[in-house]
1. Would you kindly derive the ³J(HN,Hα) couplings of segment 416-421 from the backbone phi angles with the Karplus curve 6.51 cos²θ - 1.76 cosθ + 1.60 (θ = phi - 60°), listing them in order in whole Hz, with x for Gly and Pro?
2. Give me the one-decimal Kirkwood hydrodynamic radius in Å for segment 83-216, with the sum taken over alpha-carbon pairs.
3. Taking R0 as 45 Å, what FRET efficiency do you get between Asp83 and Arg166 from their Cβ-Cβ distance, rounded to the nearest 0.05?
4. Please state the relative contact order of segment 458-555 as a whole percent: Cα pairs under 8 Å, 6+ residues apart?
5. Give me the net charge for the shell around Gly326: Cβ to Cβ below 13 angstrom, other residues only, Lys and Arg +1, Asp and Glu -1.
6. So what's the gap between the Cα centers of segment 159-234 and segment 285-312, to the nearest angstrom?
7. With charges set only on the Cβ (+1 for Lys and Arg, -1 for Asp and Glu), what does the dipole of segment 23-176 come to about its Cα centre, in debye to the nearest 20?
8. So for segment 43-447, considering every pair of alpha-carbon atoms, how many percent are separated by more than 36 Å?
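The values are calculated or read from the model by the stated rules, or taken from the named source; none is laboratory data. Here the structure is a predicted model, which means the values were calculated and not measured. Every residue, glycine among them, receives a Cβ derived from its backbone with ideal geometry; neighbour counts consider all protein chains shown. To get the accessible areas, we keep the full protein, side chains included, count just its heavy atoms, and leave off ligands, DNA and RNA. Shrake-Rupley method; radii C 1.70, N 1.55, O 1.52, S 1.80 Å.
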Amino acid sequence: MASMLRLLLLPSVLLLGSPPASEGSHRAEPMFTAVTNSVLPPDYESNPTQLNYGVAVTDVDHDGDFEIVVAGYNGPNLVLKYDRARRRLVNIAVDERGSPYYALRDRQGNAIGVTACDIDGDGREEIYFLNTNNAFSGVATYTDKLFKFRNHRWEDILSDEVNVRRGVASRFAGRSVACVDRTGSGRYSIYIANYANGNVGPDALIEMDPEASDLTRGILALNDVAAEAGVNKYTGGRGVSVGPILSDSASDIFCDNENGPNFLFRNRGDGTFVDVAASVGVDDPHQHGRGVALADFNRDGKVDIVYGNWNGPHRLFLQMSNHGKGRFRDIATPKFSMPSPVRTVIAADFDNDQELEVFFNNIASRGSSINRLFRVIRREHADPLIEELNPGDALEPEGRGTGGVVTDFDGDGVLDLILSHGESMAQPLSVFRGNQGFKNNWLRVVPRTRFGAFARGAKVVLFTRRSGAHLRVIDGGSGYLCEMEPVAHFGLGQDEASSLEVTWPDGRVVSRGVAKSERNSVLEIPYPSEEDELPQPVTLECGQGFAQQENGRCRGELPAGPGDRESLALQGRQGPGLPKPRPGRRITWIEGRPGYQISHVTYGRKVGTAWGLDNKTSGCTHMYTLTRTYTHTHPTQCPPPHTYTSSPPLQSPSFQAVALA
């Protein structure tokens, strides 16, 4: 055990420095207060002093409330349920063989990673524990466990005869696990970030084989489809996060690795992946990744990536666009990027003020190492301002942090923070509540799959009356070894929500208004039926800076913008700021309205192209092809590629708009 713990520490080279950026001052008011002694007092049953690692949030008992699942390394796994009458978290995975949750304890497992999702389409999430017994890398001595609720209790389906014959149970030492709906079917695969030893232990992707399964009996035949999907790479796997990072709807996979470059697997749309990390600038080959989270920090509609490197510079990658291709730029300030022995990284709005915070959970393995908290504040015409905050009791200078999650377990609309500890010292779990933002508005959105399970990997955009659009991804795995609650939590400050849009991994979209009476509530969004997509879209109030398009979706308004001026110019009229076009003339023009530009437009009889970038709406790149018949100035949706035309058509040379991802 001691040698295993020393190996897991794995110190790396300390690197300093980061690109200069705007940095705010330290806020003195503490964000968090510890409530462990009242909500989860250390004891043998519910909060034992043991080595814990990953934490996940799911509905274990299927009663509509969330439970907190903790991976126990030298003790049992825990399932913590909030008892509203007692106002305490209580472990329901008790040491009683007659309990339906008994098998989840799995004391022999030495679990470190945990995730939950619906792999068979029964509407209930399965729970995967990654076990790494007696091995830092390569082959382990105890298999992982995948638990399904059947026969009125939780049972491990990897030990079923059909899966033993298939040899699908992982015996490799790994780290994080995450859920990905790679084909948009509503049935999830489990991505396993293994820690390879040479050519032993590639990353795995476990999913159900529908043809060989007997769902009426609860028998799930499983396959490792990593090779088929293109993700069976050998590396020192560490953190994993899943969502529509580069894709408009399909789930992509980001992995930050150790002793090798990171992966960013872009979904090709058919459930196979290609690694584009180097081409988009997030490979970071000389660092050693740990915790990772996805968020939209500057509210431009693109998914950004934040992660911590072990004793190396932490990264905050904003997604940009370069000639229609995604590209990332690190905007971490010197304070934000300061190296530390980081484990979990969490991005959330802890005080409901509309701005996201980033929490770095460190492990004090070789002396004190405080946890750190930053607020990322959106600004017009500039990168976000990064401001260091006071974590309060969550500072934990002697905490052996190994994992953590956010969830609102008591239903007060303010996110709670749960931290696990271990590896170099046995410590109980810690629970924290926020001190700020109690008068701020909030909204929580829970999308469901076609089977009624949590739609992990779905994208939720909330439009507000004054502060624009806010984007969240329903978590399928993040932090480090962890998985957050399957909820899009929006802090609103004193603003109000006007409408919301949910995009599922298969590309289905639902848009609906948000009534004032729904403020400070939880909204369940079912998967749309075929009938839901046939009627005309209902009228939405999209909020400041946005307007409803013909397809019913809210997109950025561009009154008298570049497209309108192009139309005037293409008809031979002088548009404001544009020279009169003539055949073959090349015009470069940038609109002053934030976030929209059209450049290199060629007018004339020959077919030409123009590239436009609309950062305030979908974040897609639009290619305008000049023709002689039709025009549509503001393409509104992508992908898939599609063409818009005007009615009635213009009689002079104009253009069609083809939207490309």
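1. Those phi angles translate into 9, 10, 10, 10, 9, 9 Hz.
2. One over the average 1/r among Cα pairs gives 15.9 Å for segment 83-216.
3. 0.65
4. Numbers: 155 pairs, mean separation 26.7, N = 98.
It rounds to 27 percent for segment 458-555.
5. +1
6. One Cα centre to the other: 26 Å.
7. Computed about the Cα centre, the dipole is about 340 debye.
8. Numbers: 16282 of 81810 pairs.
So the pairs more than 36 Å apart make up 20 percent of the total in segment 43-447.
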